[in-house]
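The values are calculated or read from the model by the stated rules, or taken from the named source; none is laboratory data. Since the structure is predicted, the reported quantities are computational estimates derived from the model, not experimental observations. Cβ sites come from the backbone with ideal geometry, for glycine too, and all protein chains shown count toward neighbours.
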Amino acid sequence: VSVELLTLAFERPPIDWHAFAPEITLLCVGALITLVDIVFLERARPYTAALAGLGVLATLIPILTLALDGADRTMFGGAYVVDDFALVTKAIFLLAGYVVILLSTNYVAEGDYWENEYYGLLLASIMGMVMMASARDLVSIFVALELLSIPAYLMVAWRKRDLHSTEAGLKYYLMGVFASAVMLYGMSLLYGVSGSTLLSDIGASVAAAGASTAVITMGIVFVVAGFAFKVSAVPFHTWAPDVYEGAPT
């Protein structure tokens, strides 16, 4: 009986699959690259970069159709929004990712590592960027940021037999985990004060201020500091030289 009650109590939120089409396209392309690599092994190496590049360009198609539709789409109670700002940002991220693929093609092909690993991780990181553009609450922002960051840790340590690359990947991972913990603590403070993870509700709480001003300020400082660590902003950039020196370039 309890299972039936739980089933009845749970109601799946409505999902706009058209709004999710860019993320779904990137996910399918990453899965396709992995499948092709498993099936064809070495014979797939010359085509992996082309598949990744075409997949990124194909992701621009649903963004174009969403832009032509012109309607703002909101899901999960306002936690995920697809509007003009999000679409433009997604397109910029995708074009930047396509340029990275073009610049990486020869370098990756000349090495003796599996190309599927690199392009699969790169597509996963791009998908995190695309999700970040539509994130409008703390949970979706954190999930998108981690989806962006975790593949980046692995890409830095991609040259497994290179000690410098391994060291750089470990440093990047440790600093990234520390930054995530700091940011998550700040988010918990903001949630505790506002009672909501939505940015709009948190903004209303900040505007109202009241007796919790110090807690709100502390939460914002922790979130900004954690994000600054992630993007290597001054003065939280001291880890960047070692990581960039050892990362594949």
Residues (at pLDDT 85 or above and exposed (fewer than 14 other Cβ atoms within 10 Å of the Cβ)) located in region 201-222: Val221
Conditions (1) under 23 Å from Glu115 (Cα atoms); (2) in a helix (DSSP H, G or I); number of the one not met by Arg159: (2)
For Ser149: the one exception among (1) without any contact (Cβ under 8 Å) to a residue 60 or more places away in the chain; (2) part of a helix (DSSP H, G or I): (1)
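Could you list, in sequence order, the residues of region 38-93 that are outside any helix (DSSP H, G or I) and either of a type in the set (Val, Ile, Thr) or surrounded by 20 or more Cβ atoms within 10 Å (Cβ to Cβ) (or both)? Walk me through how you get there before you give the answer.
Initially, region 38-93 is screened for residues outside any helix (DSSP H, G or I), giving 70-75, 79-83.
Scanning region 38-93 gives Thr74, Tyr80, Val81, Val82.
Looking at region 231-242, is at least one residue under 17 Å from Ser140 (Cα atoms) and not assigned by TED's automatic domain parsing to the domain that holds Met132? Walk me through it before giving the result.
Taking region 231-242 and keeping what is under 17 Å from Ser140 (Cα atoms), we get none.
No - not one qualifying residue is present in region 231-242.
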For Trp17: the one exception among (1) without any contact (Cβ under 8 Å) to a residue 12 or more places away in the chain; (2) farther than 22 Å from Leu94 by Cβ; (3) not small (Gly, Ala, Ser): (2)
Residue match in region 173-193 (condition: at pLDDT below 85 and out of contact with any helix residue (DSSP H, G or I) (no Cβ under 6 Å at 6 or more places or on another chain)): no
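Residues in region 172-183: is at least one over 23 Å from the mean Cα position of the chain (by Cα), assigned to a helix (DSSP H, G or I) and at negative phi?
The first filter runs over region 172-183 and keeps only residues over 23 Å from the mean Cα position of the chain (by Cα), leaving none.
Within region 172-183 (the criterion being over 23 Å from the mean Cα position of the chain (by Cα), assigned to a helix (DSSP H, G or I) and at negative phi), the answer is no, since none of the residues qualifies.
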Pairs where the first residue, in region 235-249, is within 12 Å of Thr166 (Cα to Cα) and the second is polar (S, T, N, Q), C-beta under 8 Å, 6+ apart: Gly246/Ser165; Gly246/Thr166; Ala247/Ser165; Pro248/Ser165
Selected residue (criterion: modelled with the lowest pLDDT) from residues of region 120-154 that are over 14 Å from Glu23 (Cα atoms) and surrounded by fewer than 20 Cβ atoms within 10 Å (Cβ to Cβ): Leu154
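Being closer than 17 Å to Met132 by Cβ and assigned to a helix (DSSP H, G or I) is the requirement here; does Phe227 meet it? Before the answer, list the steps.
Values: closer than 17 Å to Met132 by Cβ: yes; assigned to a helix (DSSP H, G or I): yes.
Yes: the conditions hold for Phe227.
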